[in-house]
Amino acid sequence: METLDLEKLWQKCCLQDRRAQEQLYNYFSKKMFTICMRYAHTTLEAEDILQNGFVKIFTKNNLYDGTGSLEGWMKRIMVNTAIETYRKNQGKYTEQIDEIEPLEAASSYSADQTGYKDLLSLIQELPIGYRTIFNLYAIEGYSHKEIATLLAISEGNSKSQLSRARQWLQTRLVSHKLLKNGR
């Protein structure tokens, strides 16, 4: 979609034009769903995050001031909606650090040797606490201090969870490599 068309479509969305909102949803929903899946525990939860995120996009459209890309603003809303969902469900999925088995360090295996889809699939398999912190730090670019504030945890917990997520992924990447090579 051309930038000009997107701007016109967004202006109609701001006027609560349902047809324009549907077009915007159809245009961005797959990209936004991918973001939601990175944080969700289940596909159903990702769908809920997506729907709640789009409700916020359409009801809080006045918060987008036109600086930066509309898509970037929408992504931020999806991430924030996912974080809200995580906080709401934190008691259900939280793993305490001392309850988790210690992970052994794996050899350094280059992620370049593993396909992008395989890597995303492995990230999706991370325990929800690891996955949330890994996504916020490694993909979204939040600092540990910001993550601690967002998730109401300590900065040390954020660092520890990220370290364990990386170890978990390294272990799985090595296993994946061994399986691919037939060992």
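Conditions tested, residue by residue: (1) open to solvent by 30 Å² or more (accessible area, probe 1.4 Å); (2) closer than 12 Å to Ala82 by Cα.
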position: Leu9; (1), (2): no, no
position: Cys13; (1), (2): no, no
position: Gln21; (1), (2): no, no
position: Lys31; (1), (2): yes, no
position: Leu50; (1), (2): no, yes
position: Thr59; (1), (2): yes, no
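Among the residues of the range 124-164, those identified as in contact with a His (Cβ under 8 Å, 6 or more places away or on another chain) and either closer than 19 Å to Thr43 by Cβ or surrounded by fewer than 19 Cβ atoms within 10 Å (Cβ to Cβ) (or both) are Ile128, Glu155, Lys159, Leu162. Would you be able to say whether some residue in the range 109-116 is out of contact with any Cys (no Cβ under 7 Å at 6 or more places or on another chain), in a helix (DSSP H, G or I) and at pLDDT 80 or above? Looking for residues that are out of contact with any Cys (no Cβ under 7 Å at 6 or more places or on another chain), in a helix (DSSP H, G or I) and at pLDDT 80 or above, one finds none in the range 109-116, hence no.
Please count how many residues of the range 1-51 are more than 27 Å from Glu140 (Cα to Cα), touching a Phe, Trp or Tyr at 6+ places or on another chain (Cβ under 9 Å) and not in a helix (DSSP H, G or I). Total satisfying the criteria: 1. Output the qualifying pairs, or none if there are none: Cβ atoms under 6 angstrom, residues six or more apart or on different chains, first residue in the range 76-100 and modelled with pLDDT under 85 and open to solvent by 30 Å² or more (accessible area, probe 1.4 Å), second residue assigned to a helix (DSSP H, G or I) and not hydroxyl-bearing (Ser, Thr, Tyr). Qualifying pairs under 6 Å: Tyr93/Ile128; Thr94/Gly129; Glu95/Gly129. Residue count for the range 62-75 satisfying the condition of being modelled with pLDDT under 90 and among the small types (Gly, Ala, Ser): 2. Within the range 25-77, the set of residues being under 19 Å from Phe134 (Cα atoms) and of a type in the set (Phe, Trp, Tyr) comprises Phe33, Tyr39.
The values are calculated or read from the model by the stated rules, or taken from the named source; none is laboratory data. None of these values were measured; they are calculated from a predicted model. As a convention, Cβ positions derive from the backbone with ideal geometry for all residues, glycine included, and neighbour counts pool all protein chains shown. Heads up: the accessible areas ignore ligands, DNA and RNA and are worked out on the full protein's heavy atoms, side chains in. Shrake-Rupley method; radii C 1.70, N 1.55, O 1.52, S 1.80 Å.
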